[in-house]
Amino acid sequence: MALAYNHEEIAARALEPSLLELDGISRETIEAHYRLYQGYVAKRNEILDKLASVDLGGANQAYSELRSLKVDLSFAIGGIKNHELYFEHLGGSGGDPKGAFGDLVARDFGSVAAWKADLKATGLAGRGWAWTAYDWDERRLFNYIGDAQNSYPVWNATPLVALDVYEHAYFIDFGTDRAAYIEAFFHNLDYGVVNGLVEAYGIRA
Ligand SMILES: [Fe+2]
């Protein structure tokens with residue numbers, strides 16, 4: 001029995017030239033993210049091709065192959081989504097969030113300083129990602145931790161800020177000083193983009 005996995009190939013989004021001129025985060029670092037992102041896109045396409053030809057004709061080995069492909073698919077798709085958000089909301093001038101996202105932060109964290117402190121601590125504690133996401137069931141923001149591209153997303157929550165804390169995100173520019181990188185991340189955030197996401201998703205403070 002062959003499984004049917006009809007799919008369209010997807011292509012990597014173009015890298016905005018403004019991302020190569022961030023303040024404190026180098027062109028080399030952004031290019032490192034982008035190469036990985038391109039790899040995740042290629043991997044996603046490749047895995048969906050392979051899934052289409054897995055033959056489950058009674059062989060137990062096919063299930064371990066299926067498991068491996070599906071786990072790898074979640075990693076590749078996570079790597080795509082995480083980086084697309086990361087690229088989308090960098091290139092701004094930081095400061096304090098105003099507007100809709102600022103209102104959500106004030107309501108759910110008490111202050112901008114408390115939100116930043118918690119996201120920074122989450123980024124220092126995690127191995128790959130920290131996200132500020134809106135949870136549609138609890139109707140509030142949380143800062144979630146991610147150890148990898150595919151851990152630990154929470155169902156029915158929408159990421160609005162994606163902080164990459166994999167080593168490639170900071171080592172070229174800051175050595176082992178991940179905290180300094182996280183400060184630079186905040187400094188380059190475009191809250192206009194984040195507010196645009198809040199509006200596009202219809203999130204209400
Ligand atoms: Fe990255």
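The values are calculated or read from the model by the stated rules, or taken from the named source; none is laboratory data. Everything numeric in this text was worked out from a predicted model, so none of it was measured. Because the Cβ atoms are built from the backbone with ideal geometry, glycine has one as well, and the counts that use them run over all protein chains shown. Just the protein is used for accessible areas: all its heavy atoms, side chains included, with ligands, DNA and RNA removed. Shrake-Rupley method; radii C 1.70, N 1.55, O 1.52, S 1.80 Å.
Here residue 7 fulfils each of the conditions (1) touching a Leu at 6+ places or on another chain (Cβ under 9 Å); (2) assigned to a helix (DSSP H, G or I); (3) of a type outside the set (Val, Ile, Thr) apart from (2). For segment 179-205, the set of residues classified as among the hydrophobic types (A, V, I, L, M, F, W, C) and either part of a helix (DSSP H, G or I) or in contact with a helix residue (DSSP H, G or I) (Cβ under 6 Å, 6 or more places away or on another chain) (or both) consists of 179, 180, 182, 184, 185, 186, 193, 194, 197, 198, 200, 205, listed by residue number.
Looking only at segment 82-100, decide whether some residue is of a type in the set (Ser, Thr, Tyr), over 21 Å from residue 163 (Cβ atoms) and open to solvent by 20 Å² or more (accessible area, probe 1.4 Å). Can you show your working first?
Applying the first criterion (of a type in the set (Ser, Thr, Tyr)) to segment 82-100 yields 86, 93.
Now restrict to residues that are over 21 Å from residue 163 (Cβ atoms): none.
Within segment 82-100, none of the residues are of a type in the set (Ser, Thr, Tyr), over 21 Å from residue 163 (Cβ atoms) and open to solvent by 20 Å² or more (accessible area, probe 1.4 Å).
For segment 154-178, the candidate set comprises residues that are in contact with a helix residue (DSSP H, G or I) (Cβ under 8 Å, 6 or more places away or on another chain) and away from the ligand (no atom under 16 Å from the Cβ); within that set, the residue that is nearest to residue 112 (Cα to Cα) is 160.
A single entry from 161, 105, 198 fulfils the requirement of being open to solvent by less than 30 Å² (accessible area, probe 1.4 Å) and closer than 18 Å to residue 83 by Cβ: 161.
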